[in-house]
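Student: Would you mind keeping the following structure in view while I ask a few things?
The values are calculated or read from the model by the stated rules, or taken from the named source; none is laboratory data. Because the structure is a prediction, the values reported are computed rather than measured. Glycine gets a Cβ as well: all are built from the backbone with ideal geometry, and neighbour counts include every protein chain shown. We work out accessible area using only protein heavy atoms, side chains counted, and drop any ligands, DNA or RNA first. Shrake-Rupley method; radii C 1.70, N 1.55, O 1.52, S 1.80 Å.
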Amino acid sequence: MQSDTLLHAANFSTLLMCMVLKFPQIFALMRAKSSAGLSFNSLLLELLGYIVFVTYQMYYDYPPPTYLEYPILIAQDAILLLLILHYNGSLKQSLLYTLLFVGGWKLLTLEKWIIDSAMSLCTFISAASKFAQLQCMWKSKDAGQVSALSWAMATYTCLARIYTTTVTTGDMQVLVRFVVMTLLNMWVLLTVLYYQRQRSSSSKKDD
């Protein structure tokens, strides 16, 4: 009974947090009207990883509560990508990216071996998205408009999903993905906090 309550709490809190996970990042971009510090390639890879993951879960009829947040995250990432393209003056490219992602999603479900192969690469794709964001910050030595709150919430949701996956499907591919994503999300979060603290210290010195 206690295990069921904890599972429901983990599922509900994850879904609730994911409904607003990217909002701090979206608002930060809109306030600054700049995508400084935010990696476009990282978002593209993250979106691709989300699409593969949710398609895999749906293909194998996994319990909806274990992946319901992903359509919400996909929508929020799409908004972020549009904002970045807008502030970079490349909004016309959005149609091309839309066609590529819709076409890729259709391709995933054509054959079982395609979705299985894509899922085996999903962890690497998602990990690459985190490294792209880290590289962007390392290169500029600044977190720019990157939201620490969004990354903190992403870390929590991955931790919660480690638990829900363990007690429901037990899928090792999915479990490994969440463990890796938790560690990388924490790395990005700590890097953002480090550069934000440096910028704050520099501002105080200038004053």
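Student: Against the definition (surrounded by 13 or more Cβ atoms within 10 Å (Cβ to Cβ) and touching a Lys or Arg at 6+ places or on another chain (Cβ under 7 Å)), how does CYS136 come out, yes or no?
Tutor: no
Student: Enumerate the pairs (first residue in the range 81-110 and exposed (fewer than 15 other Cβ atoms within 10 Å of the Cβ) and of a type in the set (Val, Ile, Thr); second residue anywhere and assigned to a helix (DSSP H, G or I) and modelled with pLDDT of 85 or more) with beta-carbon separation below 9 Å, excluding pairs fewer than 6 apart on the same chain, so at least 6 apart or on different chains.
Tutor: Taking only residues 6 or more apart or on different chains, the pairs are THR98/ALA78; THR109/THR55; THR109/MET58; THR109/TYR59; THR109/ILE115.
Student: Can you give me the number of residues within the range 49-69 that are open to solvent by 10 Å² or more (accessible area, probe 1.4 Å), farther than 12 Å from MET119 by Cβ and under 12 Å from the mean Cα position of the chain (by Cα)?
Tutor: Looking only at that region, the number is 1.
Student: Then there's this: Look at the range 46-90 and say how many of its residues are within 17 Å of CYS158 (Cβ to Cβ), of a type in the set (Asp, Glu) and at pLDDT below 90.
Tutor: Number satisfying all stated conditions: 1.
Student: Another question, if that's okay. Going by the structure shown, is LEU149 open to solvent by 80 Å² or more (accessible area, probe 1.4 Å), assigned to a helix (DSSP H, G or I), farther than 13 Å from TYR50 by Cα and at pLDDT below 85?
Tutor: The answer is no for LEU149.
Student: Continuing with the same structure: When MET172 is evaluated against the numbered criteria (1) open to solvent by 10 Å² or more (accessible area, probe 1.4 Å); (2) touching a residue at least 24 places away in the same chain (Cβ under 8 Å); (3) more than 17 Å from LEU80 (Cα to Cα), which criterion, by number, is the only one it fails?
Tutor: Only one criterion is unmet by MET172, namely (2).
Student: Here is a list: THR5, THR14. Which entry is at pLDDT below 90 and either buried (at least 20 other Cβ atoms within 10 Å of the Cβ) or over 20 Å from ALA160 (Cα atoms) (or both)?
Tutor: Step by step, each of THR5, THR14 is checked, and only THR14 is at pLDDT below 90 and either buried (at least 20 other Cβ atoms within 10 Å of the Cβ) or over 20 Å from ALA160 (Cα atoms) (or both).
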